[in-house]
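Input: a single structure, listed below in structure tokens.
The values are calculated or read from the model by the stated rules, or taken from the named source; none is laboratory data. As the structure is a computational prediction, the values presented were derived from the model and not from experiment. Here the Cβ positions follow ideal geometry from the backbone for every residue, glycine too, while neighbour counts run over all protein chains shown. When the accessible area is computed, the model is the full protein with side chains, heavy atoms only, and any ligands, DNA or RNA have been set aside. Shrake-Rupley method; radii C 1.70, N 1.55, O 1.52, S 1.80 Å.
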2 protein chains.
Amino acid sequence: MRVIFLGTGGSLPSPQRNVTAVAVQAGPEIVLFDCGEGTQRQFMLSKASFMKVNAVFITHFHGDHFLGLPALLQSLNFSGRKRVLHIYGPPGTIQTVESILNLGYFAPGFEVTAAELEDGSVVEFAGYRVTAVAMDHTVPCLGYVLEENARPGRFNLRKARALGVPEGPAYRTLQQGGTVEIGSRSITPEMVMGPKRRGRKIAVSGDTRPSSAFARAARGADLLVHEATLGSELEEEAALYGHTTARGAADIALKAMVRTLYLYHISPRYEDAGTLLREAREVFPETYLAEDLVEVSVTNDVDTEPDGSGPDEEEGR
Amino acid sequence: MRVIFLGTGGSLPSPQRNVTAVAVQAGPEIVLFDCGEGTQRQFMLSKASFMKVNAVFITHFHGDHFLGLPALLQSLNFSGRKRVLHIYGPPGTIQTVESILNLGYFAPGFEVTAAELEDGSVVEFAGYRVTAVAMDHTVPCLGYVLEENARPGRFNLRKARALGVPEGPAYRTLQQGGTVEIGSRSITPEMVMGPKRRGRKIAVSGDTRPSSAFARAARGADLLVHEATLGSELEEEAALYGHTTARGAADIALKAMVRTLYLYHISPRYEDAGTLLREAREVFPETYLAEDLVEVSVTNDVDTEPDGSGPDEEEGR
């Protein structure tokens, strides 16, 4: 699983940062969180393909978060898209998608679905799910938490050998949850597999004032992508316009006990956002600045207690 | 007067070229021809400001020519625009602009006018005018010809001195069309000013098959910006999709007797469009490839017959 920051700026683009879009590659598919203007071209400049996008989650309908949808849809069509594209967002999504589909001479050759979510709505995908969280912005806004399904534990090669399981298809059977007969004994998966490993968890804030509800929903995330529009020198302005400071984002990361925090939605007034990073790190050291076109791999290995030992161990799946 | 190529690609953006937008700086104002997605950010990467845009002329409603309008309007608003913005285009403009103004949470603090033009429509500005020309594309499309008003002739310093006109305010009076009394003699502008100089002329094709009507309208242009989506190896495909090859664009330039031809709307399949340039130059040597963010000054000095002589001469205005 990897996160690709396509656009990390807020409100307006700047030469350094395009407006908001965060892609999460989950298996062969991409889930896109927000789609600011120019997102299709950011895809072209990254290693990811917009043809892989399966679903788009819009946080809210301010221009810097969704105005890349019209051109993305038209370019998907131009590029021969056939399979359905799902678009989710807060109230207003259905009408907005309908308007977008009617801009200019455009007749998509693929189905576009639009669905409106509310606080707590869950969208299930194969292997992961996305939960919507009502945020605290100036207009209805949803944050999103993507959680991978729990994964099987690691296969303990030493135990398998000790139990006399022959190498080969029997290993695969056990890894896939089946039982293997060795002479008169039944070897069950529990005997050779470590404990289930929790799935990875990624949370994306959208635009918001600091939100305790979001901190709860993002609890324990491997990666929290949180808006940090302004620095704490502009805390009042941030609150007025429904935003969070870099320090405020770090407070949320601390409260949510996440592993890493990435600051995004940086105001174009910060040509160098180093001050934002520094103030956040004072509160939450595992903070990073999201930068356009940077990819981050999300692993949860530090949370795994390997129950095999050393080089003999084999990955469960 | 200068032309700023903001986006020179066709159909889809590419890492090298954004989709179509051509800005013409005419005095303090900018006239924008087409506004593909990402045009606001291309402005930011250029030396021109989108706040100076007075009017936008859309050639047609394929996505690569107008989907930068929604974000441009929202960013103008965010940046404090107060004065009116005029949007012109073919039939469909009024409804499209209305849809765009209703996307998301957007209430512009400035007036946006939308007007639909047809073949031969003329829009007058202070000092120049834009004429629409019906093109030959797969959907209704207008090309545009911007013509500067004729400018006063050059002030002939030698003649003024010979006539005894005192240096100073009297020069300005004559340059502005007034008569000056020197003793009992009346000195009129005609006695010291050269012939009127024709205004500069710039033509922008939009998407089209080769069009004789456009060649007539663009006749004698200082700068012809013509689409060259494909090379002549794909002439049939170009015709099928309503486009012109690079060689076809050069034919138009030759027919229209323009001074210079700039090829734009280059298909993203040409990472290096050198072949397009070469085939056009075989027909019309004064051909150049438009490149994103390149500015071209448009002068018409070669068309002026200086009636003063040498270093004594002073610019009329």
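Residues in region A:34-47 that are outside any helix (DSSP H, G or I) and at the interface with chain B (Cβ under 10 Å from one of its Cβ atoms): 3 in all.
The set of residues in region B:190-210 that are aliphatic (A, V, I, L, M) and surrounded by 18 or more Cβ atoms within 10 Å (Cβ to Cβ) comprises B:VAL192, B:MET193, B:ILE202, B:ALA203, B:VAL204.
Condition check ((1) away from chain B (no Cβ under 12 Å); (2) crowded, with 21+ Cβ neighbours inside 10 Å; (3) touching a Leu at 6+ places or on another chain (Cβ under 9 Å); (4) under 24 Å from A:SER267 (Cβ atoms)) across all residues:
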site	(1), (2), (3), (4)
A:ARG2	yes, no, no, no
A:ASN18	no, yes, yes, yes
A:ALA21	yes, yes, yes, yes
A:LEU32	yes, yes, yes, yes
A:GLY92	no, no, no, no
A:GLU98	no, no, no, no
A:LEU103	no, yes, yes, no
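Here B:GLY109 passes the criteria (1) surrounded by 14 or more Cβ atoms within 10 Å (Cβ to Cβ); (2) out of contact with any strand residue (DSSP E or B) (no Cβ under 8 Å at 6 or more places or on another chain); (3) over 13 Å from A:PRO70 (Cα atoms) except the one numbered (1).
Residues in region B:62-89 that are over 19 Å from A:THR39 (Cβ atoms), open to solvent by less than 10 Å² (accessible area, probe 1.4 Å) and either not in a helix (DSSP H, G or I) or not assigned by TED's automatic domain parsing to the domain that holds B:GLU37 (or both): B:ARG81, B:LEU85, B:ILE87, B:GLY89. The residue that is surrounded by the fewest Cβ atoms within 10 Å (Cβ to Cβ), among those in region A:35-51 that are more than 13 Å from A:GLU295 (Cα to Cα) and charged (D, E, K, R), is A:ARG41.
Here's the yes/no breakdown for (1) of a type in the set (A, V, I, L, M); (2) touching a Gly at 6+ places or on another chain (Cβ under 7 Å); (3) surrounded by 18 or more Cβ atoms within 10 Å (Cβ to Cβ):
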| position | (1), (2), (3) |
| --- | --- |
| B:THR188 | no, no, no |
| B:ARG216 | no, no, no |
| B:HIS226 | no, no, yes |
| B:GLY231 | no, no, yes |
| B:ASP272 | no, no, no |
| B:THR275 | no, yes, no |
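For the criterion of being in contact with a strand residue (DSSP E or B) (Cβ under 7 Å, 6 or more places away or on another chain), of a type outside the set (S, T, N, Q), closer than 21 Å to A:LEU293 by Cα and within 10 Å of chain B (Cβ to nearest Cβ), A:GLY63 fails.
Note on region B:148-164: residues that are without any contact (Cβ under 8 Å) to a residue 60 or more places away in the chain, crowded, with 18+ Cβ neighbours inside 10 Å and in contact with a strand residue (DSSP E or B) (Cβ under 6 Å, 6 or more places away or on another chain) amount to 0.
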